[in-house]
Structures are given as C-alpha cells and as structure tokens.
Amino acid sequence: MASSVEHLRQTGGAQANVQHPQSAAAQQPANQAECDPIYRFKLLLPRLKESLVNLMKIAGTCLHHNSQQLEDSTSSVESQLQKFEKSLEEFYSMCDQVEISLRLALEGSQLNADTVKFIPACVNIPNEKGELPTTQRIMQYPQYQAIVRQQIHSAKELHDLLLQYAQKISSKT
C-alpha cells in the first residue's frame, strides 16, 4: 500500500524532472492520481480485477491438485500453496488501496459539504495571470478576512468566558 504511493510519487517526480513538450500532459495524470481519490480508484479497479482473476486461477489449480491427491508431489502442492498465498495477499493489498481511495473520497465530500455549509460563498483569489475567476457566488478576500477575524474573536470570547467560569467554580470549592 505504502509502496504503491511511493511508486506514484517517484514516477511523478521523474516526470517533473524531464522537460519535454509532452511532459505537461504526462504530468497531469500522475498529479491527478495523487490528488483525486476517485481517479485513483478508477486506476485501481482494473488492477483489482486482474488480481482477482489471478487469485481464482491459482485457487482452481490448487483445488485441482488437491482433488487428485498426488502424494508424490508434495513440493508441487507447497509451491502452489505459496503462489495462492502470494496472490491472496496481493488481492487483499489491492482491496486495501481501493478502500483507502474510497474513504479519502468520502472525507473529501464531507469536507466539501461542511465548507459549503459554514462558508457559503467562494473566496475570490486571482489566478496566475492575475485574472479573477467568474463564478456566481464570489466573496472578495477582504470580506473573507473579516469573517475569519470575526470567528477568531468569537472563539476568543468563548474561551475567556469558559476560563472565567472555571475560575469561579474553582474559587467556590
């Protein structure tokens, strides 16, 4: 699981170091796979299917050898068992990666829902060219700063109030 992420990062880093006309197009899918869990899930799905097919083939071979009860080929049975265990571990690893991708997607969706709920307008930040994006609900950055200052002030007031009540309670006892 971690080795797959490291492999993606290494291949993404290798693509970033090479400057070719196609490097920008080749770099986008690697970056998208690191950032977007749904895209990563879509990439993992064919590998998961392939892993399952391989697991079923090896399991069928093991079952066939066990049903024939070949007593003279114990080393063959052991090697088949090792192949089965290896393919089973690979399948479980792929399932874990798929689960992580889906959990990240769910967390991202929940975070987005919370963001829309508590800050219902987008912050308008200029892009690299200095142009402002054109969306329907835009909040200028100074307005966003004012909201953040207000939230910080409210949190500080609440903290001070709780501290004051805690001191009153401790002084009474």
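A short reminder: the numbers here are calculations on the coordinates, not readings from a lab. Keep in mind that what you see is a predicted model, and the values were worked out from it rather than measured. Reconstructed Cβ throughout: ideal geometry from the backbone, glycine too, with neighbour counts over all protein chains shown.
Here is the link list: LYS49/LYS117; LYS117/LYS168; LYS42/LYS86. Which ones come out longer than 28 Å on Cα distance? In this structure, LYS49/LYS117; LYS117/LYS168 exceed 28 Å between Cα atoms.
Once the C-beta distance of GLU89 and HIS65 is scaled by a Förster radius of 22 Å, the resulting FRET efficiency is 0.65 to the nearest 0.05. Taking label points 7 Å from Cα along the Cα-to-Cβ direction, LEU162 and ILE38 give a separation of 3.6 nm.
If you plug the beta carbon distance of ALA105 and VAL53 into 1/(1 + (r/R0)^6) with R0 = 30 Å, you get a FRET efficiency near 0.75.
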